[in-house]
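Q: My questions will all concern the structure given below.
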Amino acid sequence: MSGTNDKSLCRLLYAYELGLLEGEQRDEFEIHLLDCPRCQKEASEFLPSARLLKRDAEVRGLVEGMAQETSSGKPARKYYLQTLLAIAAVVAFLVLRPWNLEFKPTQEIIAAENRLAVLYIGNPSETEEDLALGNTVAGLLTADLSESNYLQVVSSQRLYDAALRLGFEEPNRIDPSHAGALAREVGARWMLIAGIAADRRERRLVTQLFEVTSGDIQATQAVKMDSSDSVFDLVDQLSVQLKADLGLPDQALQEPDPRVADVTSHSIEAYKMYLKGIEFRQRMYFDDAVNCFLKAIAKDTAFAMAYYYLSLRLDPQMIQKAVTYSSRATKKEQLLIEARAAQVARDTVTTLAILQSITEQYPDEKDAFFQLGEYYYTGGDFGQAILYFKKCLALDPLHRPSYNGLAYSYEECGKLDSALQTLDSYEKVAPDEPNPFDSRGDILARNGRLKEAIESYARAVEKEPGFTPSQIKMYYAYLADGRYDLAEEIWRKWESGCAEYGCANTYLAKASALMFRGRYRDGLAWLDKAIAADSVASISKKSSSLDVLYSAKTQLLLAMDSSAIAEADVTIKHLLTMRPDDKVTYRITLVRALMQAGRKDNALQTVEQIRKDVEADNLSMFNYWMAKGYFELADGNVALAAVAFDSAASFRPRRLAFLQRFLQGQALVMAGEAGKAIEILAAQENSFTDSRLRDCFTNSRIYYYLARAYEASGRADAAIARYERFLSIWEDADSDLPELVDARARLTRMKARP
Amino acid sequence: MNNSDLYRLLSSGDQSAREQLCEQLYVSFRILARHRIADWNDAEEVVQAAMVKVVGKLDQLVDAERISAWAHSILKNETIDYYRTVQKRRGRETDLEDVGPSTAGRQENDELKARLKECLKKMNTVFGKHARILNLRYQGYGTSEICQRLSVTPNNLYVMLSRARSMLKHCLESGEIRS
């Protein structure tokens, strides 16, 4: 037997009085009662009532009747709204009593499910201060209770998403009549509703714990709130008692229970600002969210999660601060911080492992599912990407980025219909946003439906006239579709407004249009203008990067004639000066320039150095294969070049591999492997990916090499069509370009054949 | 002061401790006996008999820590003797604890009964499980069976009952249900 002075035995009093205790347990309690003045007093006072309950026929008859009515299926009255509206009355009663912590525990738990939703129910007449305080308490309770290994607490994000899905106007201020529906929507077994009731003298926090299915109130607590500084202590006390109310195992009451301030913030003002930032983030007002998080860290310089969210939107390196202070975050938040730190460090393996761990431990964490979807998409595992985007959507059917990712993933798998249907759903949840139409344009363009793609881009711009991504894509799509006048119209609008933000990008767009049409000299002039403009506006985030401009210029120079080599050499050196730490990217261009200058040995050395550097730094072999391909192509080893470019293409998803496939096809044509060349180039011909549309130096030349492949295969009609198309695009091209001269000659010959 | 401490004082010669200890035991015995025995008068007789034995053997106890358990065993034995006597008189088997309707003893306070019934009705609107538990008890189910039917653990059941008792007591005192 346990010690008879054990106060836990006091709870057996009513069971004893009703005759429910038997044998040793009854003896134990009776011995306890002999030594417990409290139980003696209670038992003595209640004795007459207890005897009536046990023995009186009338009382028994009444109880039997009530019990049968309840078990006959008549639903117990749901008291959500009635009880909540009566909070004021309850509190009024409580206010009359001396200050104390009222503890009315009861619990009924089915062992497997301990899922709890914490809601703050405001009232229209409350002050903004009380609303903020109430939400703060709800947030702190959620954070504190989430630390328990015996509870699953629904996250505020999940509640917000569910409220949106249910069509509640104010997802962050729940009407009492909606609380039950919200709790059911998130699959909660328990719902803790908090409210602040105030009169002239004092304020009290009133909480009620409901079982969601029955609507029974399990426990009520009311605590006087004397100052904001006691909020953390109040939450600590409440969470301990809540665990008891929920009837969690004894181990739950003995597990480590850190103070809530130690896993959030010690500054209530910082925490309020943080919650405000979370709310803005939920509503996708990211700039406002950033401002709030900045204010939070101004008040608490060790606020780990504020740094975490700032690392997502403002500066990735802020994650280091989050890591430094991560001990002051909840267990889930520590994992989020770890995952983000690994992501910033480009440690994909670790990032994926942690994200998957998060989804296993916290199945409500939609962001983890979404990030996994993005990682798998980027990594080219589109099947897994689809899986994770769908899981995110299962948690939040209004999650727009997941629709976007899912559509692209389907397209990559060749499931165009599924991709378009997903975009239909995306449009329904975001009818006023341009992105669904922009994404639709991309997917249609990739599948050869260029005119429809342009229409979708146009609709995106209608939705939001300043939506640059669609404007740019329309511009390049018009070029590819031969509608140069419409592309020029767009360009004129850019030019008229570019003075404010810098014209480098605008001039680059003009240069691109000229390169597309074979007008390299004019294109070079506009690139020089773009470089000059960028030098002036180099601090503007809107300007193009100088290295991109120099790279484009070098490419043009190398495609022109040998007199341009010296100038190419200058630009390459300029590139290398700007990027002294870059070991691979611009050295590929150097290989090309060295080969064109006849400096084969130097070129080969550079290729081998690239190989050593990528192996030493464990980088992708993509850059080596590109350098190798250019070397072999220039050296006349076209078969080897084709193999190298094929290897390079294998490192990229289909949508980003246009240049590599073009170069592979080009090499195959030169190698006389017409059939294989057709296979490679034809697959690219009608796929207007973004990387193709913007690669104006290569985009139009695909028709020339495809024509050559068809010609070599004896497919004259197909060859002629492509030559004509190429020459149509290059109608006004620089007259001495080798490909132009050759195409004209071949077309003339082919047409001359009987 | 608890019984063990009083006994230690008593053992050191403190007579007031003896009186206080006997008073405490007597109060407790009456509660226990009235829970075990339906008839008030019979309960009182059992208590008196048990107290006589406690007082007579108090000096023979060696372990002060066991005073409460020792006293309880005396009361329990007296109660058992009482039921054996009742069985012999009535010629039938009865449970040690009679939970059936009272057939003898003091009349309960009618006013208390009326208040109790009213409170039970009010309670049922906010806490229907209380009636269910009582009803199951009336039907003879024990704690483990009641727990099975309600799908709760014994610990949960006790806490529910604790809450119900508090609610009922408050209602009996004030006439109101406190949610």
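The values are calculated or read from the model by the stated rules, or taken from the named source; none is laboratory data. Here the structure is a predicted model, which is why all the values come from computation and not from measurement. Here Cβ is always computed from backbone atoms with ideal geometry, including for glycine, and neighbour counts include all displayed protein chains.
Q: Among the numbered criteria (1) in contact (Cβ under 8 Å) with a residue 24 or more places away in the chain; (2) buried (at least 22 other Cβ atoms within 10 Å of the Cβ); (3) within 16 Å of the chain's Cα centre (by Cα), which one does A:L355 miss?
A: Only one criterion in (1) in contact (Cβ under 8 Å) with a residue 24 or more places away in the chain; (2) buried (at least 22 other Cβ atoms within 10 Å of the Cβ); (3) within 16 Å of the chain's Cα centre (by Cα) is unmet by A:L355, namely (1).
Q: Being modelled with pLDDT under 90 and not hydroxyl-bearing (S, T, Y) is the requirement here; does A:A616 meet it?
A: yes
Q: Let me ask you something else. Filter region A:673-708 down to the residues that are touching a Gly at 6+ places or on another chain (Cβ under 7 Å), touching a residue at least 40 places away in the same chain (Cβ under 8 Å) and either at positive phi or part of a helix (DSSP H, G or I) (or both) and list them by number.
A: Matches in region A:673-708: A:Y705 only.
Q: Here is a follow-up. Please return the ranges of helices (runs of 4 or more DSSP H) entirely within region A:443-527 where 3 or more residues are touching a residue at least 40 places away in the same chain (Cβ under 8 Å).
A: A:468-480, A:504-516
Q: Related question: Sort out which residues of region A:630-651 are surrounded by 24 or more Cβ atoms within 10 Å (Cβ to Cβ) and touching a Leu at 6+ places or on another chain (Cβ under 6 Å), and write them in order of number.
A: A:A641, A:A642, A:F645
Listed here are the residues, each with its yes/no results for (1) more than 26 Å from the chain's Cα centre (by Cα); (2) at pLDDT 80 or above.
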{"residue": "A:L140", "(1), (2)": "no, yes"}
{"residue": "A:R158", "(1), (2)": "no, yes"}
{"residue": "A:A162", "(1), (2)": "no, yes"}
{"residue": "A:Q208", "(1), (2)": "yes, yes"}
{"residue": "A:A219", "(1), (2)": "yes, yes"}
{"residue": "A:V223", "(1), (2)": "yes, no"}
{"residue": "A:D233", "(1), (2)": "yes, yes"}
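Q: Name every residue in region A:248-266 that is more than 18 Å from A:Q157 (Cβ to Cβ) and buried (at least 19 other Cβ atoms within 10 Å of the Cβ), in order of residue number. Explain how you work it out, then say what you get.
A: Our first condition is that a residue be more than 18 Å from A:Q157 (Cβ to Cβ); within region A:248-266, this holds for A:248-262, A:265-266.
Those that are more than 18 Å from A:Q157 (Cβ to Cβ) and buried (at least 19 other Cβ atoms within 10 Å of the Cβ): A:L248, A:V260, A:A261, A:S265.
Q: Read through the list (1) of a type outside the set (S, T, N, Q); (2) within 38 Å of the chain's Cα centre (by Cα); (3) modelled with pLDDT of 50 or more, then give the number of the only condition that A:I110 fails.
A: Here A:I110 meets the rest and fails (3).
Q: Looking at region A:412-426 only, could you name the residues that are modelled with pLDDT of 95 or more and acidic (D, E)?
A: A:D417, A:D424
Q: Taking region A:127-145 as the search range and keeping residues that are surrounded by fewer than 18 Cβ atoms within 10 Å (Cβ to Cβ) and acidic (D, E), which one is nearest to A:V263 (Cα to Cα)?
A: The qualifying residue nearest to A:V263 (Cα to Cα) is A:E129.
Q: Also: Among the residues of region A:635-650, is there at least one that is among the hydroxyl-bearing types (S, T, Y) and closer than 19 Å to A:Q555 by Cβ?
A: No: region A:635-650 contains no residue that is among the hydroxyl-bearing types (S, T, Y) and closer than 19 Å to A:Q555 by Cβ.
Q: Here's a follow-up. Taking region A:219-249 on its own, how many of its residues are assigned to a helix (DSSP H, G or I) and within 14 Å of chain B (Cβ to nearest Cβ)?
A: Matching residues across region A:219-249 total 5.
Q: Based on what the data block shows, is B:E118 more than 7 Å from every other protein chain (Cβ to nearest Cβ) and touching a His at 6+ places or on another chain (Cβ under 8 Å)?
A: no
Q: For region B:14-61, enumerate the residues that are touching a residue at least 12 places away in the same chain (Cβ under 8 Å), among the charged types (D, E, K, R) and not in a helix (DSSP H, G or I).
A: B:D39
Q: Here's a follow-up. What are the pairs with Cβ atoms under 7 angstrom where one residue, in region A:412-433, is free of Cβ contacts under 8 Å to residues at least 40 places away in the same chain and the other, located anywhere, is of a type in the set (G, A, S) and surrounded by 13 or more Cβ atoms within 10 Å (Cβ to Cβ)? Sequence gap at least six, or different chains.
A: If the second residue must be of a type in the set (G, A, S) and surrounded by 13 or more Cβ atoms within 10 Å (Cβ to Cβ), the pairs left are A:A419/A:A407; A:T422/A:A407; A:L423/A:A407; A:L423/A:S439; A:Y426/A:A407.
Q: All but one of (1) surrounded by 17 or more Cβ atoms within 10 Å (Cβ to Cβ); (2) at the interface with chain B (Cβ under 9 Å from one of its Cβ atoms); (3) over 30 Å from A:D161 (Cα atoms); (4) at pLDDT below 85 hold for A:V91; state the number of the condition that does not hold.
A: (2)
Q: Still on this model: Considering only residues of region A:405-438 that are polar (S, T, N, Q) and surrounded by 22 or more Cβ atoms within 10 Å (Cβ to Cβ), which is farthest from A:V186 (Cα to Cα)?
A: A:S409
Q: Within region B:130-179, how many residues turn out to be in a helix (DSSP H, G or I), polar (S, T, N, Q) and more than 8 Å from chain A (Cβ to nearest Cβ)?
A: Counting residues in region B:130-179 that are in a helix (DSSP H, G or I), polar (S, T, N, Q) and more than 8 Å from chain A (Cβ to nearest Cβ) gives 3.
Q: Just a yes or no: is a residue in region A:711-719 under 28 Å from A:A552 (Cβ atoms) and surrounded by 20 or more Cβ atoms within 10 Å (Cβ to Cβ)?
A: no
Q: Restricting attention to region A:28-46, report how many residues are in contact (Cβ under 8 Å) with a residue 24 or more places away in the chain and within 7 Å of another protein chain (Cβ to nearest Cβ).
A: The qualifying residues number 5.
Q: Confirm whether B:S73 is surrounded by 14 or more Cβ atoms within 10 Å (Cβ to Cβ), in contact with a His (Cβ under 9 Å, 6 or more places away or on another chain), within 14 Å of another protein chain (Cβ to nearest Cβ) and under 25 Å from A:E17 (Cβ atoms).
A: Working: surrounded by 14 or more Cβ atoms within 10 Å (Cβ to Cβ): yes; in contact with a His (Cβ under 9 Å, 6 or more places away or on another chain): no; within 14 Å of another protein chain (Cβ to nearest Cβ): yes; under 25 Å from A:E17 (Cβ atoms): yes.
No, not satisfied.
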